[in-house]
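This report concerns only the one structure given below.
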């Protein structure tokens, strides 16, 4: 649901976004505003339901059930895998890998769920939706569905006749459907206060990543439809229906994406956007259900979150053929030139593994502590960096998965604190995610003049990784990440810094959210890469923004901004916790 417009205060939307970002920075002497305590009695329910909407249970599948997950490494192969037919089973597998529960954790009388899509503080502000037409052989009616992860089920929010659905989805290729994401800001604001809007956007990026990867396991493609306005997305997801959210915590539209089989021709994205933007079919059919209330008492109001929500609202409808589009978004067919494979998939000890993608997705956890001893090989580290590089150049004209879902040039780059990587000197490094080493002179001009900017020995030529300064950076990494030991006790940690001013001025204030989505997409790849390497990772939302800039030598009024931190190493598990399966009799 769209927030009410702000009174015409003197600030423009771009100024409001910039003010929000600077006001919600953590400083050494002052954290961004929050309640300062956790009101446990008012903790929001992590599960949204639409009371009165028909609930369609998706089949609960074992790893051996069809469709079986492919090997994890095959997701990054240049060869396309045969697409699975669209059935309730394959749709179930898609939501299982994208947004479902993966386990329950229990300590004493307290129990909480883990999910495929990670979330700041495990608070899960992100909700998922399905928009689908009449597809032969799929035992599912046309319309809009809300995904209920606790039940692994679909709530039928909007029922529509097949003919009406056909008009709405006429621009989609056969067996294609739409998925949408929204955010409930209160779920994050309950704990994090004003900074919560940032974390909701991180989580949206992570969920975009889990959906793209889930689609890849089935031989499907996924592409973000960012030519849509937020008003259109809100209407398509039923979030503009005020009567269905009266007296409950509000939900805000984030994105809509199209999913289609790889072997089909790529959709005409502009035609899809035009059809969805101008459709008046949502007055037809029947709407079902009202959103449940999540907290016992009224949410605490953080006015600045309402202001930045309105300021970043995407009002215009633009095509996806933007200047930042780096070429084709379909994966290669057999026989075409493939991207380089650096090393085989091995654990830190060098032992070969062949885990399925589903296994990696299900076992992903956010580490809470590291042992301060476990490292990794340089080859494994280089492979991870390779997979967060959205290559698009004359030599490699197509983006690899999951970057084929993303329609813009990269804006996010990494400052890396290397602690324990065999074959790589400890120190501070810079990883330029822009293809073909472009923009490097700009980085060099804006950072400390004494930085080395040398390529490490053995680093593949195509990886834009540079040593800035040698030395033990564990203490500094901890200090910058709000004193958290996980930033220094890991094999490496990093800060994601975004080109800030230029994208916002080029595209508009709405691009502020996309900067965070990109960090979440980077983080999701790193999460799974850590599991594949036999170690573990975690995102860090608490860091001291401006001191990060100072360490790199950026001017106090820099056009760069630190948006997200991340760390990876040998996890220390808490033996007091009991792990339970995600779905079973214990939930009844």
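A few comments on the model shown:
- Here segment 145-212 is treated as an ellipsoid with the same Cα gyration tensor; its semi-axes, largest first and in whole Å, are 31, 15, 12.
- Taking the chain and dividing mean pair separation by its residue count, relative contact order in percent (alpha carbons under 8 Å, at least six apart): 19 percent
- Evaluated at q = 0.19, 0.20, 0.28 Å⁻¹, a Debye calculation over the C-alpha positions of segment 517-588 (equal weights, vacuum) places log10 I(q)/I(0) at -0.95, -0.98, -1.16.
- Reciprocal mean inverse distance between Cα atoms of segment 354-480 - Kirkwood radius, Å: 16.5 Å
- With the convex hull drawn over the C-alpha atoms of the chain, the volume per residue is 150 Å³.
- Radius of gyration over Kirkwood radius for segment 1-145, both on Cα atoms: the Rg/Rh ratio is 1.06.
- Sorting 98-109, 376-387 by their mean Cβ neighbour count within 10 Å, with the most densely packed peptide first, gives 376-387, 98-109.
- 4 °C / 1.567 mPa s Stokes-Einstein diffusion coefficient of segment 270-319, Kirkwood radius on C-alpha pairs, µm²/s: 85 µm²/s
- Order of 56, 213 - criterion: other Cβ atoms within 10 Å of each residue's Cβ, fewest first: 56, 213
- Quick note on segment 467-583: its Rg to Rh ratio, both from C-alpha atoms and Rh being the Kirkwood radius, is 1.03.
- Burial ranking of peptide ranges 306-316, 192-202 (average Cβ count within 10 Å, highest at the top): 192-202, 306-316
- Extension gain for the segment residue 448 to residue 559, taken as residue separation times 0.36 nm less the Cα-Cα distance, is 38.4 nm to one decimal.
- Neighbour-count ranking [beta-carbon atoms within 10 angstrom, fewest first] of 459, 482: 482, 459
- Cβ-Cβ FRET estimate between residue 277 and residue 65, R0 fixed at 41 Å, reported to 0.05: 0.60
- Quarter the surface of the alpha carbon convex hull of segment 371-569 and you get the mean projected area, 10.5 square nanometres.
- Point-to-point label distance, residue 303-residue 270, nm (Cα→Cβ direction, 7 Å offset): 4.4 nm
- Hydrodynamic radius (Kirkwood) for segment 205-270, which is based on Cα pairs only, to one decimal in Å: 13.6 Å
- Compared with the direct C-alpha span, the chain from residue 74 to residue 89 gains 3.3 nm at full extension, assuming 0.36 nm per residue.
- Packing-based exposure ordering (other Cβ within 10 Å, fewest first) of 510, 260: 510, 260
- Based on the Kirkwood approach, the hydrodynamic radius assigned to segment 494-553 is 13.4 Å, with every pair of different Cα atoms included.
- Calculated [θ] (222 nm, deg cm²/dmol) that DSSP helices of n ≥ 4 give over the chain, each run adding -39,500 (n - 2.57): -7500 deg cm²/dmol
- Packing around the peptides 112-122, 444-454, taken as the average count of other Cβ atoms within 10 Å per residue, puts them in this order, highest first: 112-122, 444-454.
- Dmax and Rg, reported as Rg then Dmax, of segment 147-264 (C-alpha, Å): 15.7, 46
- Segment 208-266-segment 99-145 distance, computed between alpha-carbon centres (Å): 14 Å
- All-pairs alpha carbon distance profile, segment 411-488, 10 Å steps from 0, percent: 18, 48, 31, 3
- The slack in the chain from residue 19 to residue 245, taken as 0.36 nm per residue of separation less the alpha-carbon distance, amounts to 78.4 nm.
Every read-out reported here was derived from the displayed coordinates using simple, explicitly stated rules and does not represent laboratory data. Note that the coordinates shown come from a computational prediction; the quantities given were computed from them, not determined experimentally. Note: ideal-geometry Cβ built from the backbone for every residue, glycine included; neighbour counts use all protein chains shown.
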